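Single-structure report; data block below.
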Amino acid sequence: MRTSSIRRVTGALAGLALAAAALVAGQPAHAESGVGAGEPGRARGDALCPDGYVCLIPGGVAGAEPYLIPECASEYFSPPFVASGIRNNTDVIVWITTPDGASLWIGPHDSATLWPVTAIDSVVAQCFVPDRR
């Protein structure tokens, strides 16, 4: 009887996973999240990583929208943002730091997959202007 209970629970969990996957796959690509494109924060579903933005892809949740950071800006996270990837759609180098003090740079129009998912403390996409005195 114990084996049949385990099979029932396993079957129910598998059914829930399939239903969740169907819901995610069935959502229209133009669904809005409430924040307009071009604003820091969540992107619209139809512009997941537009030109001129650094996009942090959340870790652990399939189909989640990226966190947008505009070119020439910085973002500091407390608590850290857990990311599975970074896409740099800007014309500048982007610096990322982690809670353990490690840093990573991503070149213009480049990306990185973070595995395992990584906690991000800060993202700096500053446009540095040399002092020409």
Per residue, in Å², the accessible surface of region 51-133 once ligands and nucleic acids are set aside, probe 1.4 Å: 58
Tail weight of P(r) past 17 Å, computed on alpha-carbon pairs of region 69-133, percent: 39
Rel. contact order, % - alpha carbon contacts under 8 angstrom, at least six apart, region 67-121: 43
Relative compactness, region 59-99, computed as alpha-carbon Rg over 2.2 N^0.38 Å: 1.23
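The values are calculated or read from the model by the stated rules, or taken from the named source; none is laboratory data. Note that the coordinates shown come from a computational prediction; the quantities given were computed from them, not determined experimentally. When the accessible area is computed, the model is the full protein with side chains, heavy atoms only, and any ligands, DNA or RNA have been set aside. Shrake-Rupley method; radii C 1.70, N 1.55, O 1.52, S 1.80 Å.
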